[in-house]
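A short reminder: the numbers here are calculations on the coordinates, not readings from a lab. Given the structure is predicted, the values throughout are model-derived calculations rather than measurements. Here the Cβ is made from the backbone with ideal geometry for all residues, glycine too, and neighbour counts use every protein chain on show.
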Amino acid sequence: MKTTEAQKRAMKKWLSKNKSSAYASARERSLKAMYGINTDFYNRLYTEQNGKCAICSKNQVAKLSVDHNHVNGSVRGLLCVSCNVGLGMFKDNQEIMAKAIDYLKKSGQLNG
């Protein structure tokens, strides 16, 4: 069924009046579908982490990403986009991450 121009205008009008409510509802559905959590759980994690990434500890202006175990789906914490993408690129493989740390140490880019 094709959406009419009148329906599009009505939806735009409704969204302009209910933007925050519509966003909150969509966020709730997304968290539930993707991670099995709700906004209360997310907000609790955010508070426990003081609004900081669980890896780099930087304060975040934007929402933190939900980090989860890709095998069993359990939520591990909240990460900034950079740390979340980093883990994803390493496919959560501890051996490869350890090799990356060794590589940085050898090249003088990491102390320790």
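Tell me, in nm to one decimal, what length is gained between Val71 and Tyr103 on full extension, where the rule is 0.36 nm per residue of separation less the Cα-Cα distance? It would help to have the intermediate numbers written out before the result.
Values: separation 32, 0.36 × 32 = 11.52 nm, distance 2.73 nm.
Result for the pair: 8.8 nm of gain on full extension.
State the Cα centre-to-centre distance between the stretch 67-112 and the stretch 38-55 in whole Å.
Cα centroid of the stretch 67-112 versus Cα centroid of the stretch 38-55: 20 Å apart.
Within 10 Å, count the other beta carbons around each residue, average over each peptide in 64-74, 85-95, and list them highest first.
64-74, 85-95
Given Lys63/Lys91; Lys32/Lys52; Lys32/Lys63; Lys52/Lys91; Lys52/Lys105, which pairs have Cα atoms separated by over 24 Å?
In this structure, Lys52/Lys105 exceed 24 Å between Cα atoms.
At R0 = 41 Å, how high is the FRET efficiency between Thr47 and Arg9 if r is their beta carbon distance? Nearest 0.05 is fine.
For R0 = 41 Å, the calculated efficiency reads 0.55.
Express in nm, to one decimal, how much length is gained between Ile37 and Lys91 on full extension, taking 0.36 nm for each residue of separation and deducting their alpha carbon distance.
Difference between extended and current length: 17.2 nm.
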